[in-house]
Amino acid sequence: MDDVDLLKSGHVLVLPLPVQGHINPILQFSKRLVSKGIKVTLFTTILASKSVQPGVSSISVETFSEGEGFESSSGDNFMKKIEIAVCKNLPEFIKKQERLGCPVKCVVYDSIMPWALPLAKELGLIGASFYTQSSAVSAIYYQVNKGLIGMPVDGPTMLVPGLPLLEPDELPSFVHKPDVYPAILPLVLSRFSNVDEADWLLFNTYDKLEEQFASCMSMDLIVM
């Protein structure tokens, strides 16, 4: 039985980064899973759950405590608190679902939280990395991470397979002007730290919007 067949009768847990712009894309993906007959649970913080309106009755929302001082945290401290809270609460939820006869088979996690993958593997689950940005943007970050696009960008144009020639100001702002938000680029690039170990890579995109890029990917001209 392959992973797809396994999920058809299984239970998927989706784990978004609980901030603006990250919850809705993974929620829309969850609705697609539900339409295929897959049970989905959205696992998020108590604070983030107050703004979640799934719109699909069959999407469950399971909350966990963020820990003390969460609301006032930011940057690396925010990310660390999320990691500690998830690592503390997720294993118990997984065990609870097993006791109830509805075991979780897969964790779909926001790619900006790569630490979720070894946690999923430790729990015996499939790990799927979900990229909230388009395939093309993710590929640009991937090339920066691999050193294929030098930093700082020295232009005048950049060549990314599947895309037209790009000028420096057409690149993502965290690449074009990394000094503006110096802590963000390392965080964005960290999503590729264990990308080769994920069972699946999922991208938030539409084929028709990235048709040429998708064609290059299908011909293995772009390796992720």
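Annotations
- Here, P(r) means the percent of Cα pairs in each 10 Å bin from 0 to the largest distance; for region 6-132 it is 13, 48, 34, 5, 0.
- Toward the positive end of the charge dipole of region 6-132, with +1 on the Cβ of Lys and Arg and -1 on the Cβ of Asp and Glu, the farthest Cα among 29, 91, 49 is that of 29.
- Candidate lysines for bridging to residue 31, where Cα separation is under 16 Å - those fewer than 8 sequence places away on the same chain excluded: 8, 39
- Using the average count of surrounding beta-carbon atoms within 10 Å as a protection proxy, the listed peptides 77-84, 105-112, 149-156 rank, highest first, as 105-112, 77-84, 149-156.
- Sum of side-chain charges, residue 103 neighbourhood, beta-carbon under 11 Å (Lys, Arg +1; Asp, Glu -1): +4
- Per residue accessible area of region 6-132, 1.4 Å probe, in Å²: 47 Å²
- Working note: Karplus 6.51/-1.76/1.60 with θ = phi - 60° gives region 24-36 the couplings 4, x, 6, 5, 5, 5, 4, 4, 5, 4, 4, 5, 9 Hz, where Gly and Pro are set to x.
- Neighbour net charge for residue 90 - beta-carbon separation under 12 angstrom, K R +1, D E -1: -1
- Cα-based Lys proximity count in region 92-183, under 30 Å, for pairs eight or more positions apart or on separate chains: 7
The values are calculated or read from the model by the stated rules, or taken from the named source; none is laboratory data. All values reported here derive from a predicted model rather than from experimental measurement. For neighbour counting, all protein chains shown are included, and Cβ atoms are generated from backbone atoms with ideal geometry for every residue, glycine included. Quick note on the areas: whole protein, heavy atoms, side chains included, nothing else; ligands and nucleic acids left out. Shrake-Rupley method; radii C 1.70, N 1.55, O 1.52, S 1.80 Å.
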